[in-house]
Amino acid sequence: MEAIIDLVSDWAGSREAAGVWYCTQPLAAFGGRTAESLMKSGEARALRSYLDDLATGGFA
């Protein structure tokens with residue numbers, strides 16, 4: 001979780017906002033599941049790949 005929070009903190013504006021995003025923001029690319037849900041179900045690698053793609057100009 002901490003690595004994901006660190007990764008999105010700049011985009012979210014703060015670590016606190018990143019934590020809220022992590023727990024509540026539905027991700028369309030994952031059928032509306034949250035980052036928290038993906039991490040809990042063992043899909044950290046897919047989430048990290050998705051976020052890395054966004055960081056390099058990919059689309060959500």
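The values are calculated or read from the model by the stated rules, or taken from the named source; none is laboratory data. Because the structure is predicted, anything quoted here is derived from the model rather than measured. Neighbour counts run over all protein chains shown; Cβ positions are idealised from the backbone, glycine included.
Just for segment 39-56: of the residues that are modelled with pLDDT of 95 or more and among the charged types (D, E, K, R), which one is nearest to the chain's Cα centre (by Cα)?
Only one residue fits best here, namely 48.
Within the set of pairs 6 or more residues apart or between chains, which connect a residue that is closer than 17 Å to residue 21 by Cα inside segment 32-56 to a residue that is surrounded by 17 or more Cβ atoms within 10 Å (Cβ to Cβ) and at pLDDT below 95 with Cβ atoms less than 6 Å apart?
51/7
Just give me the residues in segment 39-54 being closer than 13 Å to residue 3 by Cβ and among the aliphatic types (A, V, I, L, M), in sequence order.
Result: 39, 44, 47, 51.
Exactly one of (1) outside any helix (DSSP H, G or I); (2) modelled with pLDDT of 95 or more is unmet by residue 59. Its number?
(2)
For segment 1-38, what are the residues that are of a type in the set (A, V, I, L, M), surrounded by 17 or more Cβ atoms within 10 Å (Cβ to Cβ) and either in a helix (DSSP H, G or I) or modelled with pLDDT under 95 (or both)? Give the derivation first.
As a first pass, look at segment 1-38 and keep what is of a type in the set (A, V, I, L, M): 1, 3-5, 7-8, 12, 17-18, 20, 27-29, 35, 38.
Pick out the ones that are also surrounded by 17 or more Cβ atoms within 10 Å (Cβ to Cβ) and you get 4-5, 7-8, 12, 18, 27, 35, 38.
Within segment 1-38, 4, 5, 7, 8, 12, 18, 35, 38 qualify.
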